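See structure below.
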Amino acid sequence: MEKRIYLNKGWRFCEKYDAAITKLDFDDSKMEEIRLPHTCKETPFHYFDEHIYQMISAYRKKLNVPKSWCGQSVILTLDAVGHESEVFLNGEKIGEHHCGYTAFSIDLSDKLRYGEENVLTVKVDSRESINVPPFGYVIDYMTYGGIYRDVYLDIKNPNHLTDVFLHSEIGSNASDVTLHSKIQMKKEDENLLLRQYIRKKQEGDFELLKEYTVQNQQTEIEVQCQVSNISLWEIENPGLYEIKTELVKADNVLDEKVIVFGFRKAEFLKDGFYLNNRKVKIRGLNRHQSYPYVGYAMPKSMQCMDADILKNELGLNAVRTSHYPQSHYFLDRCDEIGLFVFTEMPGWQHIGNAEWKAQAVENVKEMVIQYRNHPSIILWGVRINESQDDDEFYARTNAAAKALDPYRQTGGVRAHKKSSLLEDVYTYNDFSHDGNTNGCEPKKNVTSNIEKPYLVSEYNGHMYPTKAFDWEEHRVEHAIRHANVLNAVAGEEDIAGCFGWCMTDYNTHKDFGSGDRICYHGVMDMFRNPKLAADIYACQQEKNTVLSLSSTMDIGEHPGCNRGKTWIYTNADSVKMYKNDRFIKEYKREDSCYTNMAHGPILIDDFIGDAIVKSGEFKQKQAEEITEALNLTARYGLSNLPKKVVLIALKMMLVYRMKPTEAVVLFNRYIGDWGGTSTVYRFEAIKDGKTVQTVVKEPMTKMHLWAEADHTSLVEDHTYDVAAVRIRVLDENNNLLNFFHEPVTLQTEGPIELIGDSVVSFKGGMTGTYLKTTGEEGKAALIIKTAQAKEVRIDFTVSKSKDVTIM
């Protein structure tokens, strides 16, 4: 039976590799003691030179290997090392790897010294000058370095399962399901049996659905069985099962492999994407796996958090892992919550020489083999992102993916039209929308392969970079551009869906971004705080009520005090608007001009209601026309009045003998302007006839800190745990204070420590931090202080898991 032992603790690290470090007798006491995941260089939040993480470093770990392992297969796996690595055991080189985004394994069985201390050393090259993808030219994201995912040993029987690949075949209904298994073993043996169990994965227990046994004498076998009473993997209810495969000899289980699997049929057709024979419009964002300070090096909790944010906070049904395979913890969570994944080979625009291409093909093979049992993955990306056509090269990458997984379709992201199509799906980065043009190009304008499926893989992004602390109209435009694309794609029946660029801001190279080494393309900041555009996506789900306003309603934020367009973002049935406690109007979802979206932005077109009509000062028709003219003036301002306002004004003067000064008085009374008394606005979201959420906009008089940790029960298992804390400063009505940029101090108590700085500044009224467990158990706390508001304390508990074996 397999035994897994994690090797994430007790490593020594040095930024400068030396061959002497690999030797048994090397004194490593002066090397830094670290735990994995680890980044070779922690970085500042911004304004730093990306060369600081480019180095050849060394990781060293001592292993006391028991004699009882002798005769077993001892297999070392490193889940990801950025970006080239050589592995040494007791001074002898035993393996190497040339991809920073996939795992690799080495059999140590014949090299270990049993009953003695062994030394494992990993030489890590994180320079961006190496001749492997994605390197070779400029890259619009930082690549970091280090052993940034798990490392572990598997102790197995000499004859063990080497691979189990599962595939489900779904008929016309859920009762017509076949499980196909391709199983590989280390050695041939005529006395071997294969036994499989299918168990429904549910909280707290497992329901056995089927058990079957197959006689086997070969190293590879394909098995299939009919399965009934299956809950299919759906995005709303992702049914998951444990498929346990046992290798048995003389009633002894030699090895077993358990795979969490979902039965589903995912298919791109020329008119869109279908899941289990039902058409679904893909709505997603691109995700980089990076975080402030530590780059790629974050444990399971943070990987799962990102998936949960995408699904539950942003209301998405899909994510693209741009531009490389990402953590299995992230993918596992996507499997669990029903989030489609488009994953792709490492690379960004550049195609290298023959050696580089050969490594790229190898990367595709590793990606497919390592990730193909995830039901959430619906598409393999087998082109270098935004690269030019290279049919010979891409014929090889497509063939590699198809040979290892003939059941999933392939795509290849390009940024040019009428590209050569070797993949199954034409995936295209459509940056045509500039705020005025249509949200997307029609399929026929982009590809001549009209009979093939079509998917938009990126949009917006660099077309309109937006900081959380930009002025209001910039942030509103950013949000509306995302709505424009979503609405346009939703209206195109032959576009399978779209992935916006991107989930969060991220650190990038000097050649990109805003000069501070940050690319501000996200709908969230780097700490996962939402910008205004995040609400556009959040509105598209039904689980959580969303109500937000595009404006603080402070007219002084706008040129000439003309507020421009103000939008309501909501998924409620309707929103009631009040001004100084006087009812103005009830807005309904059908009032949105975004008719293709489930919940499009709703334009506020009335700041007066029936107040002028009911005042009795004017006749009904005159009052209605005055109301219309004043509302249009509030939106467009005096310098940009629509013709209709001019016509109404002329009518008022010629027919009703009104004077311009009377119009000014009415505007100040019913709309409000510079120099007038401030106004209180209230918005009530209505669902099923009940008020479910309220937003109040008025001049702030008080502020307070808001802080929330993603989880407060931290668990040390095979490595440290990390909690993300998002911090904001709010007014008395819980509105974000967008222009609060003051510092905040962070202080810890107990067995936790900060990742990053202890003093950080708010940016757009928001900031954050990460807390890391130190290896001890007990109570802990984070204290957050700023001079302008009362401090906040968040309490934590730290415990240790007893279910994981660690060396």
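Remarks
Per-residue answers, yes or no, for (1) more than 30 Å from I282 (Cβ to Cβ); (2) assigned to a strand (DSSP E or B); (3) touching a Gly at 6+ places or on another chain (Cβ under 8 Å); (4) among the β-branched types (V, I, T):
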position	(1), (2), (3), (4)
K187	yes, no, no, no
L193	yes, yes, no, no
I198	no, yes, no, yes
E211	yes, yes, no, no
V214	yes, yes, no, yes
C225	yes, yes, no, no
S231	no, no, yes, no
I235	no, no, yes, yes
K244	yes, yes, no, no
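- Residues in the stretch 75-91 that are within 17 Å of N64 (Cα to Cα) and open to solvent by 10 Å² or more (accessible area, probe 1.4 Å): I75, F88, N90, G91.
- Taking strands (runs of 3 or more DSSP E) as the structural unit, those lying wholly within the stretch 678-734 and holding at least 3 residues that are over 19 Å from A787 (Cα atoms) and open to solvent by 50 Å² or more (accessible area, probe 1.4 Å) correspond to 690-697.
- The listed residue being in contact with a Cys (Cβ under 8 Å, 6 or more places away or on another chain), under 30 Å from H323 (Cα atoms) and of a type in the set (D, E, K, R), out of D163, D140, D150: D140
- Test: residue in the stretch 609-621 that is under 30 Å from I282 (Cβ atoms) and either surrounded by fewer than 18 Cβ atoms within 10 Å (Cβ to Cβ) or under 41 Å from the mean Cα position of the chain (by Cα) (or both): no
- Strands (runs of 3 or more DSSP E) within the stretch 365-475 that include 1 or more residues surrounded by 16 or more Cβ atoms within 10 Å (Cβ to Cβ) and modelled with pLDDT under 95: 409-414
- Residue check, P699 more than 21 Å from E472 (Cβ to Cβ) and of a type outside the set (V, I, T): no
- Residues of the stretch 291-309 satisfying the condition of being under 10 Å from the mean Cα position of the chain (by Cα), of a type outside the set (D, E) and either open to solvent by 10 Å² or more (accessible area, probe 1.4 Å) or over 28 Å from A483 (Cα atoms) (or both): C304, M305
- Number of the condition not met by F135 [criteria: (1) part of a loop (DSSP other than H, G, I, E, B); (2) out of contact with any Asp or Glu (no Cβ under 7 Å at 6 or more places or on another chain); (3) among the aromatic types (F, W, Y)]: (2)
- Conditions (1) of a type in the set (S, T, Y); (2) free of Cβ contacts under 8 Å to residues at least 40 places away in the same chain; (3) open to solvent by less than 10 Å² (accessible area, probe 1.4 Å); number of the one not met by Y274: (3)
- Within the stretch 1-18, residues that are assigned to a loop (DSSP other than H, G, I, E, B) have Cβ atoms under 7 Å from residues that are open to solvent by 60 Å² or more (accessible area, probe 1.4 Å) and not hydroxyl-bearing (S, T, Y) in these pairs: K9/I806, counting only partners at least 6 apart in sequence or on another chain.
- Some residue of the stretch 495-509 being charged (D, E, K, R), in contact with a helix residue (DSSP H, G or I) (Cβ under 8 Å, 6 or more places away or on another chain) and on the phi < 0 side of the Ramachandran plot: no
- Once the stretch 542-565 is narrowed to residues that are of a type outside the set (A, V, I, L, M) and touching a strand residue (DSSP E or B) at 6+ places or on another chain (Cβ under 7 Å), the residue that is most open to solvent (accessible area, probe 1.4 Å) is K565.
Conditions (1) over 29 Å from E708 (Cβ atoms); (2) of a type in the set (V, I, T), marked per residue:
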site: V489; (1), (2): yes, yes
site: E493; (1), (2): yes, no
site: C519; (1), (2): no, no
site: V523; (1), (2): no, yes
site: D535; (1), (2): no, no
site: P559; (1), (2): yes, no
site: W567; (1), (2): no, no
site: K585; (1), (2): yes, no
site: K588; (1), (2): yes, no
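- Test: residue in the stretch 34-55 that is open to solvent by 40 Å² or more (accessible area, probe 1.4 Å), out of contact with any Cys (no Cβ under 7 Å at 6 or more places or on another chain) and part of a strand (DSSP E or B): no
- T773 being under 28 Å from L549 (Cβ atoms), of a type in the set (S, T, Y) and open to solvent by less than 10 Å² (accessible area, probe 1.4 Å): no
- When the stretch 101-132 is filtered for residues that are of a type outside the set (G, A, S), open to solvent by less than 50 Å² (accessible area, probe 1.4 Å) and part of a loop (DSSP other than H, G, I, E, B), the ones remaining, listed by number, are Y101, T102, L108, L112, Y114, E128, I130, V132.
- Only residues that are assigned to a strand (DSSP E or B) and crowded, with 17+ Cβ neighbours inside 10 Å were counted in the stretch 566-589, giving 13.
- So E716, is it touching a Gly at 6+ places or on another chain (Cβ under 8 Å) and of a type in the set (D, E, K, R): yes
The values are calculated or read from the model by the stated rules, or taken from the named source; none is laboratory data. What you see is a predicted model; the values in this text were computed from it and never measured. Every residue, glycine as well, gets a Cβ built from its backbone with ideal geometry; the counts of neighbours run over all protein chains shown. Just the protein is used for accessible areas: all its heavy atoms, side chains included, with ligands, DNA and RNA removed. Shrake-Rupley method; radii C 1.70, N 1.55, O 1.52, S 1.80 Å.
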